[in-house]
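Student: Can you read through this structure? Questions will come right after.
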Amino acid sequence: MKNLLKAFIFTGILVVLVIISELILISGIDIRKHGIFKSANYELLGEKKDSIDVIFLGDSLIYSSISPMEIWNNYGYTTFDCAEAAQIIPDAYRYLKFAIENQHPKIIMMEANVMFRNPSKRKMGKRIAIFFKQFFPITKYHDNWKKYIDGSKKKWVNPNKGYKYITLTESSKNKKYMTYSNKYHEIPKHNLPYIKKIIDLCKENDVKLVLVSLPTQNSWHYRKHNTAEKVAKENNLEFIDLNLVDLNINWETDTKDNGAHLNYLGAKKVSDYIGNYLKETKLIKDHRNDSDYKSWYRAYQKYEKNSVSN
C-alpha cells in the first residue's frame, strides 16, 4: 500500500511537471481551446494576425514542393505551408478551420492527394504518436528550450514558413506515370463529408479554394486526376494538375527520393509557377515595399544564406 501511494504521488508530480513544461515550451498557447497539436499550426500562430495571404494545405508534397520564401522574393506574397506527412482529410479540415480563424487568407490551395488517403488505414504507430502529441505536446516541442537561450521566446516564427528545405538528391528515371486513362480513382466514402466541409467553409468565409496536384511520380496518376477534376467541376473550383504542366522538372536532379518528392531545385520551379498563378488571380498584393512586412525580409535573408551554404 505504501509503495502504491508513492507511485501515485510520483505520477501526480510527473503530470504537473509535464503540464508546466508544455506551457513554457508552447508559449502559453491554450491547446485545449484550439485542439491543435501539429507544428504547422503552432508556427502559424507566430505570424502576425491576418498577415498571411495564401495557405497551402496538404501532405508532404506541400512542404517539399512549395517554398513561401521563393514566392515572397519573386512576387511579394505572404504564403504558408500548413502540411504534415501523410495528412488525412479530417486533419486538413481542422488545419483549414484554424487558419481561417487566425489569418483570414484570401486563397487556400489544397493538395488534391489528401482526398484519396483513407483515414482508417493510418498505421497504429502513427495514431499512437498523434495521441501523445495531442495530450502531451512536449513530445513534439521539446527543442523549444533553445528559443529561451537566444532570446526568441516570443517570436515563434518558422523562417521558412512551413517549407522543409532539402537539397538531398536521389534521382529517378523520367517515368511515364501520367499515361491517359478515362477511369476514376475512388475517394474513400468517409472523406466525402470532409471535402464538403472544406468547400463550404471556404465559401462561408469568401476564400478562394483551389485544388492542386504537385509533381510526384509515386502518389499520382491519371485516374486520380480525373476524379479531382470531377470534384472541381461539380463544386465550381479550379484544379491545377502540375503533373500535366511542363515545369521542366528534371527527375534526375530535382527529386530527393526517387521521384516521390521534390528537393529544393524542384521546389523553386513549382514555387515560381504558383507565384505567377497567384499574380494572375489579382486577389493579393505585393508586400515587398510595405514596412509592416520587414520580418519577411529578415526571414528571406536567413533562407538565402541556407541556400547559398548548400
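The values are calculated or read from the model by the stated rules, or taken from the named source; none is laboratory data. From a predicted model like this one, the values you see are computed outputs, not experimental measurements. Note that we place each Cβ from the backbone using ideal geometry, even for glycine, and neighbour counts take in every protein chain shown. Heads up: the accessible areas ignore ligands, DNA and RNA and are worked out on the full protein's heavy atoms, side chains in. Shrake-Rupley method; radii C 1.70, N 1.55, O 1.52, S 1.80 Å.
Student: How would you classify segment 156-310 from its alpha-carbon gyration tensor, with a ≥ b ≥ c the square roots of the eigenvalues: rounded for a/c under 1.5, else prolate if a/b is greater than b/c, otherwise oblate?
Tutor: Oblate shape, in that a/c is at least 1.5 and b/c is the bigger or equal ratio.
Student: Please report the net charge: other residues with Cβ closer than 14 Å to the Cβ of H287, K and R +1, D and E -1.
Tutor: So the surrounding residues net to +2.
Student: If the cut-off is 15 Å between C-alpha atoms, which aspartates and glutamates fall inside it for K285, apart from same-chain ones fewer than 8 positions away?
Tutor: Within the straight-line cut-off, K285 pairs with D50, D53.
Student: Could you work out how far apart the two model spin labels at K49 and N248 are, taking each label as a point 7 Å from the Cα in the direction of the beta carbon, and quote it in nm?
Tutor: If labels sit at K49 and N248, their model points lie 4.4 nm apart.
Student: Rank these residues by their accessible area, most exposed first, probe 1.4 Å: Y177, Y95.
Tutor: The ordering from most to least exposed comes out as Y177, Y95.
Student: Can you compute the modelled spin-label distance between E280 and A260, with each label point 7 Å from Cα toward Cβ, in nm?
Tutor: For E280 paired with A260, the spin-label model returns 3.2 nm.
Student: Under a Cβ-only charge scheme (Lys and Arg +1, Asp and Glu -1), can you give me the dipole magnitude of segment 253-310 about the Cα centre, in debye to the nearest 20?
Tutor: Roughly 160 debye for segment 253-310.
Student: How do V114, V157 stack up against each other in accessible area, from largest to smallest, with a 1.4 angstrom probe?
Tutor: Putting V114, V157 in descending order of accessible area: V157, V114.
Student: Over all pairs of distinct alpha carbons, what does the Kirkwood formula give as the hydrodynamic radius of segment 233-281, in Å?
Tutor: Kirkwood radius, segment 233-281: 12.1 Å.
Student: Same structure again: Past the 28 Å Cα-Cα mark, which pairs from K176/K305; K97/K233; K197/K294; K189/K279?
Tutor: Correct reply: K176/K305; K197/K294; K189/K279.
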